[in-house]
Amino acid sequence: MVKEFISQLPPDKLSPFAKHPYQVREDAAMDELVESVRTYGILSPLLARPKGEGYELVSGHRRRLAAQKLGLPTVPVLVREMTDDEAVILMVDSNLQRENLLPSEKAFAYKMKLEAMKRQGQRNDLTSDRVGPKSVTRDIGKDCNDSQTQVKRYIRLTNLVLPLLQMVDDGRIAFSPAVELSYLTRDEQAELWDLIGREDATPSLSQALRMKQLSREAKLTPEVLYAILTEEKPNQKEQIRIKTESLRKYFPRNYSAQQMEREIMKLLEARYRAKGRGER
């Protein structure tokens with residue numbers, strides 16, 4: 001029988017889960033959570049397990065931060081004994097249905113869950129070419145409606161160097177090209193990241209596929225990378241480029257490139273309409 005109990009514990013006595021893949025961001029959603037906790041309290045207990053002389057938080061990292069911001073002395077916690085792999089699977093599953101998960105969060109969450117399930121002897125089909133029964137191959141990504149293939153693609157992102165992975169989270173590199181770039185060596189990725197910064201250009205899917213193939217053939221030299229990245233794409237003719245870094249100071253720090261673009265277009269459209277009214 002699983003041993004568990006509910007207790008009121010100080011937030012500072014709950015240590016974060018080791019290698020927690022989900023970011024606890026101090027953004028508008030966190031502000032809303034803080035106000036909700038201020039008004040209604042914590043309605044659902046956090047989940048933790050005994051660890052050493054304290055407790056390790058399995059689920060509830062955002063609620064813990066909200067409680068700390070409000071200075072709450074204790075929070076309700078469901079304490080349950082569980083193995084490392086059971087804790088990983090519960091931690092991943094309790095967060096996968098959150099809105100606005102970053103690609104990197106899903107990538108490392110899927111990887112952690114897969115490794116835990118492999119240790120439990122439940123599956124190995126996501127790391128091989130063999131595809132098992134549908135009832136088995138869908139279970140890791142079923143909560144997010146991700147197929148076996150899509151789960152494998154997300155896990156590939158964990159092979160990206162951190163600067164490139166951050167660009168995926170920021171929306172500067174699209175998901176599909178990012179998956180293909182994950183097959184480049186770490187040195188090739190580092191060279192590519194440096195080129196992206198210097199040339200203010202990102203690879204398209206077709207360019208990423210060519211880079212991947214040339215990397216396999218050991219022909220992806222810095223000169224070849226530069227030649228591919230600086231090609232003029234059909235949709236980039238007569239394009240005005242503004243470096244993202246130049247715009248950051250005008251937007252909230254958690255804004256992605258797409259969000260900044262939408263806000264800029266709204267302002268331009270409003271100015272255009274105002275100018276049109278003034279000329280009447």
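Helix 28-40: angle to the longest alpha-carbon principal axis of the chain, degrees 0 to 90, nearest 10?
30
Toward the positive end of the charge dipole of the chain, about the Cα centre and with charges on Cβ (Lys, Arg +1; Asp, Glu -1), which of Leu214, Leu268, Trp193 goes farthest?
It is Leu268.
Taking H placed 1.01 Å from N in the peptide plane, check which residues at least 5 places from Leu9 or on another chain put their amide H under 5 Å from its amide H.
Residues meeting the amide H criterion: Val75, Val77.
Check each of the trypsin sites (Lys or Arg not before Pro) in region 139-248 and keep only those in coil by DSSP with at most 12 other C-beta atoms within 10 angstrom; list them in order.
Working: sites: Lys142, Lys152, Arg153, Arg156, Arg172, Arg186, Arg198, Arg210, Lys212, Arg216, Lys219, Lys237, Arg241, Lys243, Arg248; in loops: Arg172, Lys219, Lys237, Arg241, Lys243.
Within region 139-248, the qualifying trypsin sites (Lys or Arg not before Pro) (loop, at most 12 other Cβ atoms within 10 Å) are Lys219, Lys237, Arg241, Lys243.
So how do Met211, Met82 line up by other beta-carbon neighbours within 10 Å, fewest first? Provide the component values of the computation, followed by the final result.
On the way: Met211 24, Met82 20.
Least crowded to most crowded, the residues run Met82, Met211.
Among the aspartates and glutamates, which fall within straight-line cross-link reach of Lys3, defined as a Cα-Cα distance under 19 Å, with same-chain neighbours fewer than 8 residues apart omitted?
Candidates past the 8-residue exclusion: Glu53, Glu56, Glu81, Asp84, Asp85, Glu86.
Please determine, in degrees from 0 to 90 and to the nearest 10, the orientation of helix 103-119 with respect to the longest principal axis defined by the Cα atoms of the chain, where the helix direction is its Cα long axis.
50
Which values of log₁₀ I(q)/I(0), to two decimal places, follow from the Debye formula for region 22-81 at q = 0.13, 0.22 Å⁻¹ with a uniform point scatterer at every Cα?
For region 22-81, the Cα-only Debye profile gives -0.34, -0.89.
Calculate the spin-label point distance for Gln68 paired with Arg262, positioning each point 7 Å from the Cα along the beta-carbon direction, and give it in nanometres.
So the two model labels end up 3.0 nm from each other.
Compute the whole-percent fraction of alpha carbon pairs in region 149-277 spaced more than 21 Å apart. Could the numbers behind the result be given before it?
Working: 3842 of 8256 pairs.
That tail contains 47 percent of the Cα-Cα pairs.
Rounded to the nearest 0.05, what FRET efficiency do Met30 and Tyr226 have when you use their Cβ-Cβ distance and R0 = 41 Å? Show your work: numbers first, answer last.
Values: r = 41 Å, r/R0 = 1.00.
Calculated value: 0.50.
Of the candidates Gln148, Gln207, Gln120, which one comes out as most mobile in a Gaussian network treatment of the chain with C-alpha springs shorter than 10 Å?
Gln120
Using Cα pairs closer than 8 Å and at least 6 residues apart in sequence, work out the relative contact order for the chain, in percent. The partial results should precede the final answer.
Working: 300 pairs, mean separation 37.6, N = 280.
Over the chain, the number comes to 13 percent.
Contour minus end-to-end for Ala18 and Lys243, with contour as 0.36 nm per residue of separation and end-to-end as the Cα-Cα distance?
77.4 nm
In deg cm²/dmol, rounded to 500, what helix-only [θ] at 222 nm does the chain give when every DSSP H run of at least 4 residues adds -39500 (n - 2.57) and the total is split over its residues? Please list the in-between numbers first.
Numbers: 13 runs with 138 residues, N = 280.
-15000 deg cm²/dmol, from helical runs alone.
Given springs between every Cα pair under 10 Å in a Gaussian network model of the chain, which of Ile173, Ile242, Ile228 has the largest fluctuation?
Ile242
Could you work out how far helix 186-199 tilts from the main Cα principal axis of the chain, as a 0 to 90 degree angle to the nearest 10?
The answer is roughly 50 degrees.
Taking a threshold of 21 Å on the Cα-Cα distance, which of the pairs Lys106/Lys142; Lys51/Lys111; Lys152/Lys219 fall above it? The partial results should precede the final answer.
Details: Lys106/Lys142 13 Å; Lys51/Lys111 23 Å; Lys152/Lys219 26 Å.
From Lys106/Lys142; Lys51/Lys111; Lys152/Lys219, over 21 Å: Lys51/Lys111; Lys152/Lys219.
May I ask you to list the lysines whose Cα is less than 25 Å away from that of Lys243, ignoring any residue fewer than eight positions away on the same chain?
Lys233, Lys266
I need the fraction of alpha carbon pairs in the chain separated by more than 25 Å, rounded to a whole percent. Walk me through the numbers before you get to the answer.
Numbers: 23376 of 39060 pairs.
Taking all Cα-Cα pairs of the chain, the fraction more than 25 Å apart is 60 percent.
Assuming a ≥ b ≥ c are the square roots of the Cα gyration tensor eigenvalues, decide whether region 160-236 counts as rounded (a/c under 1.5), prolate (otherwise, with a/b larger than b/c) or oblate. Spell out each step's value before the answer.
Working: a/c = 1.34, a/b = 1.09, b/c = 1.23.
Rounded.
Quick note: the coordinates plus some simple rules give every number you see, no bench work behind them. Please read all numbers here as calculations on a predicted model, not as lab measurements. When we count neighbours, we look across all protein chains shown, and the Cβ atoms used for this are built from the backbone with ideal geometry, even at glycine.
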